[in-house]
Structures are given as C-alpha cells and as structure tokens.
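Asks: The structure is given below, and queries will be raised subsequently.
The values are calculated or read from the model by the stated rules, or taken from the named source; none is laboratory data. Just so we're clear, the structure is a prediction, and the values are computed from it rather than from any experiment. Note that each Cβ is placed from the backbone with ideal geometry, even for glycine, and that neighbours are counted across all protein chains shown. With ligands, DNA and RNA removed, areas are computed over all heavy atoms of the protein, side chains included. Shrake-Rupley method; radii C 1.70, N 1.55, O 1.52, S 1.80 Å.
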Amino acid sequence: MGRPHRTELYHDVPSACWPIVYSPDYNITFMGLEKLHPFDAGKWGKVINFLKEEKLIADDLIVQAREATEEDLLVVHTRRYLNKLKWSFVVATITEVPPLFFLPNFFVQRKVLKPLRTQTGGTIMAGKLAIDRGWAINVGGGFHHCSSDKGGGFCAYADITLAVKFLFERVEGVSKATIIDLDAHQGNGHERDFMDDQRVYIMDVYNRYIYPGDGFAKRAIKRKVELDGGTEDTEYLQKVQTHVEGTLNESRPDIIIYNAGTDILDGDPLGGLAISPQGIVKRDEIVFMAARSRRIPILMVTSGGYQKRTARIIADSILNLHNLRLIDNELATRGAENPKLPSYFYS
C-alpha cells in the first residue's frame with residue numbers, strides 16, 4: 001500500500017483546546033427549505049450555544065472543524081458515488097428534501113453538501129483527537145446510513161467509516177475499532193462498509209420496525225439488539241448497559257466510535273421509541289463510563305434527532321459527562337502533552 005494522501009484533517013491542535021469539534025458551517029439554512037425535513041438543521045449550533053451559556057466552553061477553546069476534501073472522501077467513497085452527488089436529484093433523494101431536485105447543483109453543493117462535508121471532516125479530526133486525549137466529541141456527524149457507494153436517510157458521506165479507516169491508515173497502534181450505534185435506526189452504512197472486516201466490531205441497538213430494515217447489512221452486526229416500538233427507559237437502559245459491557249469484554253478495541261443519536265426520544269417522528277431526556281443522558285453516561293473504566297479512547301458523534309428539544313438534551317448530556325469527570329479538559333490537556341501516557345486514564 002502506498003503512503004497515505006496529504007490531508008489537512010490530522011493537524012496538531014493546541015493543547016488548550018477541548019477535544020470538542022464544531023464549525024458554524026455545520027448548520028444548514030437556505031430559504032426555509034430546511035424546514036421541509038423533520039431534521040433540525042441548526043441543532044449543532046444550538047448545542048454549542050447551550051454549552052457556552054453554561055460556561056463549559058468558549059469559541060477559542062473549540063476545535064474548528066475543516067471540510068473533508070474530495071481526496072479525503074476517496075479514502076472510502078468511490079469516485080462514481082461522489083460524481084453522483086453532482087446531480088441535485090440524487091442529493092434530494094438522499095436528504096429527503098424534494099425541492100432540492102429543482103435547484104442548481106452549485107447551490108446544493110454550497111448550502112447542503114458543504115455543511116455535511118465539514119461535519120464529516122469533524123468526525124475524522126475527532127478520531128485522532130480521541131486517541132491523543134482519551135475522548136473527543138464531534139457535535140455533528142454520525143451519518144450512519146451512508147456507505148462507500150450509496151447514501152440515504154439524510155446521510156451523504158460515510159463519516160464513521162472514514163474516521164475508522166483514517167485511524168487504521170495513519171495512527172500507529174490502532175488496529176481494532178468498536179462501533180456502538182445507539183441511534184434509533186439501524187446503522188446500515190458502516191455495516192455494509194465493514195461487512196468482512198474483522199478489525200471492526202459493531203454493536204447496534206435500534207427499532208426493528210423502522211427504516212432502513214437492511215437485512216444484508218445486519219449480517220455485519222456482531223451484537224444486535226432489536227427493540228420494539230415504544231420501548232421505555234427501564235428496558236432500554238438495562239439492555240444498553242448489558243450489551244455495552246458485553247461488547248467491550250468481547251472486542252477489546254483501540255477506539256470506540258459512539259453514534260449517540262437522540263432520535264430515541266419519546267415523541268420523535270421517525271424513531272418510534274419512548275426514551276425520556278433523562279434516559280438519554282443516562283445512556284451516554286453508561287457508554288462513557290464503560291470506556292473510561294477500560295481505558296479505551298472514545299469518539300462520540302451526535303447523529304439523528306428530529307425534535308427541537310434534542311439540542312438541549314445533547315448539551316445536558318455533555319454537561320453531565322463533565323460533572324462526572326468522564327470528560328475533562330484538564331485531563332485531556334495533560335494527555336495531549338504526553339500522548340503516550342494520557343493521564344486521562346489514570347486520574
């Protein structure tokens with residue numbers, strides 16, 4: 001295999017920065033068309049604003065996400081697929097916003113695909129940061145329905161697959177990854193991409209009755225937890241606890257990619273589950289606690305969540321992780337100064 005391509009996504013981050021990745025370019029706004037999809041296309045900026053209001057972070061302490069270039073995307077995607085995105089009707093189908101069909105592609109590229117490429121760059125950057133600091137959160141990303149040659153379900157780029165492949169190619173000592181996918185939907189994109197890759201262990205907990213129902217992709221799931229519609233906190237959290245522990249005891253990865261969708265929230269129009277805001281906060285705590293106790297770096301992406309109140313819940317969850325010292329910039333900073341011995345793990 002040749003040397004990895006040149007990329008701007010693996011640059012050194014100042015040690016004072018939190019390993020929280022974001023850019024104002026994540027947010028999608030154009031002529032109100034974003035309101036035609038149930039997704040809150042500005043939720044990422046709202047999460048950051050809540051965290052700033054709570055004095056957890058400030059603009060100069062956030063890692064600014066960079067847009068993934070075509071060369072970055074080709075690490076996973078086929079050129080044929082990327083060329084298809086130059087057709088507005090293809091993007092309209094993937095994002096489920098039909099009026100995009102009628103807009104010129106340069107407009108679609110700038111207003112829809114650039115934000116998604118920037119979030120994808122953010123996930124790749126956060127993968128490296130998680131290894132360096134012990135944890136990282138991309139406030140966007142989690143496009144788990146996209147695979148190397150097919151998008152869908154609002155997911156145009158395979159950011160989870162890309163983050164894993166970048167780490168395997170570029171970071172010494174990272175040879176096994178575990179994906180814990182707790183979005184309400186099956187993560188068929190990364191499942192298709194890692195179908196025959198024994199280095200990647202996939203745990204997926206999802207509503208069995210909703211999109212995408214991808215039977216072929218299910219063959220890649222090592223630990224599959226299919227939920228009934230209307231599942232509530234007690235059953236859900238017990239299953240998450242049991243299966244996260246089981247997964248990490250079985251897989252012993254070098255990194256966890258945690259797809260933390262909030263579309264499990266009661267009342268979500270697409271998720272069909274009935275988890276409370278407190279249940280979501282507890283779920284994230286369970287995953288981070290399991291990673292921390294085993295000293296495994298963890299990358300969290302925010303994925304699906306289709307109600308206006310999800311941004312507040314994501315922010316509350318991050319604040320809870322900080323209050324419990326499951327994420328802490330002081331520890332992450334010390335880890336940055338000596339990445340070989342991140343004291344994050346030994347506090």
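Asks: So what are the ³J(HN,Hα) numbers for the range 184-189, from phi and the Karplus equation (6.51, -1.76, 1.60; θ = phi - 60°), rounded to whole Hz, Gly and Pro as x?
Replies: 5, 9, 4, x, 5, x
Asks: Please identify the DSSP H helices in the chain that span no less than 18 Å along the helix axis (Cα) and have a mean Kyte-Doolittle hydropathy of -0.5 or more.
Replies: Sorted by number, the helices that extend far enough and score high enough are 114-133, 277-293, 310-323.
Asks: Would you check the accessible area of ARG325, probe 1.4 Å, heavy atoms only, in square angstrom rounded to 10?
Replies: The value for ARG325 is about 110 Å².
Asks: Tally Lys and Arg at +1 and Asp and Glu at -1 over the other residues with C-beta under 11 Å from the C-beta of PHE216: what net charge comes out?
Replies: Here the charged neighbours net out to +1.
Asks: May I pose another question? Which entries of LYS150/LYS222; LYS52/LYS165; LYS114/LYS239 have Cα-Cα distances beyond 28 Å here?
Replies: LYS52/LYS165; LYS114/LYS239
Asks: So, with a 1.4 angstrom probe, what is the percent of accessible area on the chain that is carbon and sulfur?
Replies: 51 percent
Asks: How big is the antiparallel share of DSSP beta bridges in the range 54-328, given as a percent to the nearest 5?
Replies: Bridges in the range 54-328 that DSSP calls antiparallel: roughly 10 percent.
Asks: Add +1 for every Lys or Arg and -1 for every Asp or Glu among the other residues with Cβ under 14 Å from the Cβ of CYS146, and state the total.
Replies: Counting the neighbours of CYS146, the net charge comes to -3.
Asks: Quick one: the Cα spread of the range 54-328 along its three principal axes, in angstroms, biggest first?
Replies: Principal extents (largest minus smallest coordinate, Cα): 48, 43, 43 Å.
Asks: Hey, with R₀ at 51 Å, roughly what FRET efficiency would PHE106 and ASN249 work out to, going by the Cβ-Cβ distance, to 0.05?
Replies: E between PHE106 and ASN249, to the nearest 0.05, is 0.55.
Asks: I would also like to ask the following. Keeping all protein chains in position, work out how much accessible area PHE89 exposes to a 1.4 Å probe, and write it in Å² to the nearest 10.
Replies: 100 Å²
Asks: Given +1 on the Cβ of Lys and Arg, -1 on the Cβ of Asp and Glu, and no further charges, what dipole in debye does the chain carry about its Cα centre, rounded to the nearest 20?
Replies: Here the chain has a charge dipole of around 580 debye.
Asks: Let me ask something else. Over the Cα atoms, compute the radius of gyration (one decimal) and Dmax (the largest Cα-Cα distance, rounded to a whole number) for the range 1-129, in Å.
Replies: 16.3, 48
Asks: Still on this structure, I have one more. Rank-order 221-227, 285-291 by packing density, defined as the average count of other C-beta atoms within 10 Å over each peptide's residues, highest first.
Replies: So the peptides 221-227, 285-291, ranked by packing, come out 285-291, 221-227.
Asks: Which sequence of ASP233, ASP316 reflects their accessible areas, 1.4 Å probe, from the largest down?
Replies: Listed by decreasing accessible area, they come as ASP316, ASP233.
Asks: What figure in square angstrom, to the nearest 10, would you give for the accessible area of SER251 with a 1.4 Å probe?
Replies: Its accessible surface works out to 10 Å², give or take rounding.
Asks: Right, here's the next one. Per residue, what accessible area does the range 54-328 have, given a 1.4 Å probe and all protein chains present, in Å²?
Replies: Dividing the accessible area of the range 54-328 by its residue count gives 36 Å².
Asks: Debye sum, Cα scatterers, the range 240-292, no solvent: what log₁₀ I/I(0) at q = 0.31 1/Å?
Replies: The Debye formula, applied to the Cα set alone, gives -1.22.
Asks: Could I ask something else about it? Which value in deg cm²/dmol, rounded to the nearest 500, describes the helix-derived mean residue ellipticity at 222 nm for the chain, given -39,500 (n - 2.57) per DSSP H run of n ≥ 4 and division by the residue count?
Replies: -11500 deg cm²/dmol
Asks: If you don't mind, another one. Using the Karplus equation 6.51 cos²θ - 1.76 cosθ + 1.60 (θ = phi - 60°), what ³J(HN,Hα) coupling, rounded to whole Hz, does each residue of the range 55-67 give in order, writing x for Gly and Pro?
Replies: My calculation for the range 55-67 gives 6, 6, 9, 9, 3, 6, 9, 8, 7, 6, 5, 10, 5 Hz in order.
Asks: For ASN323 and TYR209, what is the calculated FRET efficiency with R₀ set at 30 Å and r taken between the beta-carbons, to the nearest 0.05?
Replies: Computed FRET efficiency for ASN323 and TYR209 comes out at 0.25.
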